[in-house]
Amino acid sequence: MAWRRSAVRIYRALLFAYPAEFRHEYGSEMVQLFEDRLQSEPALRVWLDTLPDVASSALKEHLHILAAGLVYGARMIRKSPAFTLVALFAMALGIGATTAVFSLINAVLIRSLPYGDPERLVYIWTPNPRFKEIPLEMAPSHPDFYAWQNNQSFSDLTMFSPGSFRMLDGGQVQRISGAEVAGNFFSTLRARPLLGRAIEPEDDRPGHQHVVVISDVLWRSRFSSAPNVLGNTLHLNREIYTIVGVMPPKFRYPGRADFPDSGDATDLWIPAALAPVQKSDFNAGGDGVTIGRLKPGVSVKQAQAEMSGIEARIDPIIHPAEWRGWVALVRPFIDTAIGPVRPLLWLLMGAVSLVLLIACSNVANLLLARAAGRVHEMGVRTALGAERVRLVRQMLTEALVLALGGGMLGILIAYAALRVVLRVQPGNIPRLDETSLDARVLLFTVGASLLTGLGFGLLPALAASRVNLNSLLKQGGNKGVAGTSNSLRNGLIVTQVALSVILLAGAGLLIRSYLKVQSVDTGFAPSTLTMNLTMDEGYETPQKLDHYFRSLIGQVKQLPGVEHAGLVSALPLSHRESISKVEIKGHTVKKDQMVDDRAATTAYFESMGIQLLEGRFFADEAPHDHPAEMMVSQSFAKLYFPRETVIGQQFRSGDQWHTIVGVVADVRHSSLEESPRPTVYSPFMQRPDNHSYLTVRSTGAPDQLISSIAKIVRGLDPTIAPQHPGTMRQLMSEATSARRFQTVALSVFAAVAVFLALVGLYGLMAYAVKQRTAEIGIRIALGAPAARVLALIVGKGLALVTAGLVFGLAGTLALTRLGASWLYGVSPADPLTLIAVPLLILTVALVACLIPAWKATRIDPVTALCYD
Amino acid sequence: MTGDQHPQYTAYEKGTPRYYIARHYIVMRYTSNVKHLQDLTPSDLLPLTPQVFHILVALADRDQHGYCIMQDVAERTGGSMRLSPGTLYGSIKRMLEQGLIVELRDKDRPDARDDDERRRYYRLTPFGRKVVKAEAARLSEMVEQARVYGLAPKRG
C-alpha cells in the first residue's frame, strides 16, 4: 500500500540519525522489523513507539562510539607521552592567550554596563571648529544645556560636573572624586541605589542640595558597610551633607576612561543646584558633561540633525561675540568609552588569532606525523571492515581530547596572564579591573577548544584514513601515506613561519616605536618631584593665595637637599590644559590663533630642568603696574617670529600687553607623542592659581621628601591635602603605559609564535630524518661525507623557512601599512626591522634543523639498512 | 583486482593470501586489546537491562532473528515490552561485542522451510547462557528476600 511504502521511506530517512557504521550493519534489518510491525499493528502505535526509540537509541549509539573513541584515544595518548606533551603545550599556549584576550574583550565590550539600555544613551559635546585647540569632547556650558531642554529626540537630558571634594574625616583631610549632578542624573542612567534613594529633582534646588549619595567603596571604607549609614553626615568642602543613598558596587560612573580625560572612579554624588545666573549667563562660567537618552525609534543621526539645528539657532543668542561658533556633537555613550581602546583590542585579537592558528597548524602537523606512523593500525582496521567515517571519527575524537585538555591548561595560563595584565595596568582600558574568567569566558574557551580541535584534527584525520590497503599490504612498510601528507606538512610549516614573521615584525615595529617614545626629548628632567595642591574656600583673593604660596615655598626651600622649589598652573602630563588667544604687535592676527598658557615661577623652570635658550627669566616679583614680562617656548618663537629676534616683541593675551623677555625649551605637555605646542608663560605670583603644582628638585630621597613636604602643607593649613605626589618619571611611565602594554603583549605573542613554529620545524625535520634513515644510511655506506648529509637535511629545512619568510614579509608589508597609526617615529617598512626579523628567524631555524641533521650524520649504516 | 579500487570487501576472502596476512596482523596487534573480553566473568555484566535479559531468554531454546525475538518478548511480557528496532539492534550489537550471542553463519541457519534469506539469526553462546542464569539467580534471590517480609507473592 502506498501509505505503508511512504512510512517505510520516512523510517529509512530517520535511520540517518544513527552512526553510519551502525546503519550499514543493521539498517536493512531495522527497516524489515519496522515493516513487520506495520503489518501486524496499528500504524499510529508503531510510530508512537518508534519515534522516541529512534531518538534515544541513535543518541546512545553515538555516545557508545564516543566513549569507545575516548578510551581508545586516551590509550593512544598514553602511549606517546612526548607527542601528547608537545601538543598539549601548544594548545594550552594558543587557547590560553586567546582566552586571556577574550576575557579583556568580555569585560570591556560585551559585559553590560550598570545602566539600563546603555545603547540608547548618548553624550552631547560642544566643540568649536573655530579653535582647533578646543577638543571635540568639550563639555557644554550650562546655558547651552538649559537651552536644549525643548527637543524631540531625547526622553531625558541630564548633566553632571566631575570634580574632587575635600572630605574631613576625624581631623584628617582626604580628597575624593565626586560629581555634582542634575536632579535627573540617576533616572536618566536608570541606575538604582543599593540602599536608600538616589538624588532626585527636588534635591537639585539651591537650599535643598545638602544630600549625598555614596559609592559602595566609600560605604565600605568609611562606614564599614554599616546598614544604618543613611542619615549620617559627611563634611565636604566645609559643608555638611546627609547621606541618603548607597550605590551598588558596579556603579562608579563617571570612572576612568568613560570619556576622554575623565578622572578616577567616582565615590560620591551631590546635587548641582545651580543658581539661576549660572544657568543663563555664559560668562558666569561652568559647564557639565551632558547625557541624553534617545527616545524609542530616534537614531543618533536624527538626534544629531536636531541638535545641530538647535545649537545653530541659539549660538548667537547665548554666546558672547568673540566666542561664537559652537556646534553640538552627539556621540553614542558606549562608543565614547570604548572607541579609544577598540583598535587595541582588535590588535590583540588579531595577534592572538595568529598565535592560535600557529598552535593549530603545529598540532595538525604532529598529528599528521603520528598518523603516518599509524598506517599499520589504520590498514588493519580497514581490513577488518572499519569504515572510513569511523576512522575519521576516531582521529577527531583524539584531536578533541587533546584540544579540551589543552583548553583546560589554557584557562590556567589565561588566569596567570590576567594577573600580570592587571599588575601592568595597561592605561586607558575602561573597566579593566572587572576582568575575570566568568561563565561566558569559560564557555568561549570550551567552544574555541572544540573548534580548534576540529580545525587541526580534520586534515590529518582525512589524510590518515585515506589508506591504500593494497599498497600497504604489498609493501608492509611505512610508505603508505607518506607522499601525500608530506607536502601538507611542508605547507603547514611554511604557514607557521610566515605567520611568525608577521607577528615578530609587528612586535619589532612596536618595540622600535616604544624606544623612540622613551627617548623623546620631553624638555623636562624626569627626577623632579611634583604634587598637586588645590585650595577651595578661604582662598578667593590673590592676596591669600600669594601669602600661602610664599610661606610654602619658603619652608620647602629650608628642607635639607632641596635645590629649587617652583610652582606652575598646569604640569606636563598632568592632563590639565589651559589655552588662550593671542595677538602679536605688528603682525596681522591669524584667524583665532591660540596658544597654551601657563603661570609659573622662575624656580619652576630651574626645578624642572627646562632650559633657557634666549634672553632671561622674567622677574617673579614684578610690581603689578609694571608692563608685564612673559616668556615663550621655542616653538612659539619659531612659529610667530621665524626671522626676527624674539626678545622685546610684544603680544596681547586678554586685555594686557606683554613683553617677551626670554625663550625656553619646548616641553611635551599633553602626551609624549604629540609634538610640543606654542606656549607662553606668565609670572605665577602675579596671578596665582588655586589649582597648582609644586615642583621640587633635590638631592634627597623622594619618599622622605614627600612626607616632609606633606608635613609642611598640613602645618600651613590642615584642610589642604597634597595630591598625586610623585616624580615626573612616574607621570611619564603612566603616559606610556598603554603603549608599553600593547608592545609587551605583542612581543609575548610573537615570542610564543616563533617558539611554536620552531617546535614545529624541529618536529618535521626529526621526522624527515627518521623517514629517510635507510636512504641516509646508504649514502653514508657509499661514502658520503658528514657535511653532505648535514647539508641535505639543513637545506631542506631552510628551504621551507625561506619560503615562509617570503610569504611572511609580503604579509607584513600588507598588514603593517594598515597599522601605521600604531607606530611612532618608525616607518611601517622599517628596514632595520624587516632585515632583523628574517635574520633572527633564520638563525633560530638553523639551530632547530641542525639537531636532527646532526643526528642523521650519526646514523649507523648497518642498523639503518636493517631498519625498514 | 586493480590497485585503484578500494579493496576492503574483497581483500580478505577466505583462502586468499591476503586473508592470512590480515589475520596475521590481527593476531599480532590486537590480541592484547581484546584480551580483557576473555577475562570477563558473568558477574561483571550484572545487572542486565530488562531488554537484554528478555532477549537472552528469547534465545534460550532456539536461534531466532530480530522480528521473532521482538514478538517472543512481547508475548511473554503480555505486550508490555515492545522492542523497537533501534533498541533491539543496539542491544544486539552490544551483546555481540560482549560475546553473549553470536550471529549464525550460513551453514548453521535453521531449516530452509522457515528460513528467511534476508534475515540474520542469533544464537546464545555458552557464556551468554551463564550470564542469563546468573542474572535469573540474582533476580530470584532478590524476590526471595522480598518474600521474607511479605513483599512478594508466596510461592504457589
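Each value in this text was obtained by applying a stated rule to the coordinates, not by laboratory testing. These numbers come from a predicted model, not from an experiment. Please note: Cβ atoms are built from the backbone with ideal geometry, for glycine as well, and neighbour counts cover all protein chains shown.
The figures follow:
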| read-out | value |
| --- | --- |
| Among A:694-704, A:500-510, the order from most to least packed when residues are scored by Cβ within 10 Å on average | A:500-510, A:694-704 |
| Gain on full stretching of the segment that runs from A:LYS301 to A:LEU832 - 0.36 nm per residue minus C-alpha separation | 186.5 nm |
| For residues of A:380-393, the mean tally of beta carbons on other chains within 10 Å | 3 |
| Cα-Cα over 23 Å, subset of A:LYS557/A:LYS711; A:LYS79/A:LYS770; A:LYS79/A:LYS796; A:LYS301/A:LYS581; A:LYS250/A:LYS279; A:LYS279/A:LYS544 | A:LYS79/A:LYS796; A:LYS301/A:LYS581; A:LYS250/A:LYS279; A:LYS279/A:LYS544 |
| Potential extension, A:ARG817-A:GLU673 segment - 0.36 nm per residue separation minus Cα distance | 49.9 nm |
| Dipole magnitude (debye, nearest 20) for chain A, charges at Cβ of Lys, Arg, Asp, Glu | 4040 debye |
| Virtual spin-label span in nm between A:LEU66 and B:ASP44, 7 Å along Cα→Cβ | 2.5 nm |
| Candidate aspartates and glutamates - alpha carbon under 15 Å from B:LYS133, same-chain residues fewer than 8 apart omitted | B:ASP44, B:ASP61, B:GLU141 |
| Sequence ranges A:392-404, A:224-236, ranked by mean other-Cβ count within 10 angstrom, highest first | A:392-404, A:224-236 |
| Area projected by the alpha carbon convex hull of the stretch A:194-280, averaged over all directions, nm² | 6.7 nm² |
| Taking N as its residue count, the alpha carbon Rg of the stretch A:2-79 over 2.2 N^0.38 Å | 1.39 |
| From the C-alpha gyration tensor of the stretch A:1-159, square roots of 5λ in Å | 65, 33, 12 |
| Charge context of A:PHE259, other residues only, Cβ under 12 angstrom, K/R +1, D/E -1 | -2 |
| Chain lengthening between A:SER353 and A:GLU563 when straightened (0.36 nm per residue, less Cα-Cα) | 70.2 nm |
| The protein assembly as shown, helix-only ellipticity at 222 nm - DSSP H runs n ≥ 4, -39,500 (n - 2.57), divided by all residues, nearest 500 | -17500 deg cm²/dmol |
| Peptide A:61-67, shielding by other chains (average Cβ, 10 Å cutoff) | 1 |
| Chain A: relative contact order in percent, alpha carbon pairs under 8 Å with at least 6 residues between | 14 percent |
| Hydrodynamic radius by Kirkwood, which averages 1/r over all alpha carbon pairs of the stretch A:118-171, in angstrom | 14.1 Å |
| Other protein chain Cβ atoms within 10 Å, averaged over every residue that makes up B:77-88 | 6 |
| Magnitude of the charge dipole, the stretch A:127-327, Cβ model with Lys/Arg +1 and Asp/Glu -1, debye to 20 | 440 debye |
| Per-peptide average of other Cβ atoms within 10 Å, ordering A:791-798, A:153-160, A:777-784 highest first | A:153-160, A:791-798, A:777-784 |
| Qualifying aspartates and glutamates (Cα of each under 17 Å from Cα of A:LYS855; at least 8 residues distant if same chain) | A:GLU775 |
| Of all DSSP beta bridges in the stretch A:566-667, antiparallel share, percent nearest 5 | 70 percent |
| For a label point 7 Å along the Cα-to-beta-carbon line of A:ILE240, residues of the stretch A:179-212 with backbone N under 13 Å | A:210-211 |
| Hull-based mean projected area of the protein assembly as shown, where the convex hull spans the alpha carbons, in square nanometres | 64.0 nm² |
| Local electrostatic count, B:PHE53, Cβ distance below 14 Å [Lys/Arg +1, Asp/Glu -1] | +4 |
| Residue-wise HN-Hα coupling along the stretch A:510-516, computed from phi with Karplus coefficients 6.51, -1.76, 1.60 (Hz; x: Gly, Pro) | 5, 4, 4, 5, 4, 5, 4 |
| Neighbourhood charge, 10 Å Cβ-Cβ cut-off, centred on A:PRO140 and excluding it, Lys, Arg +1 and Asp, Glu -1 | -3 |
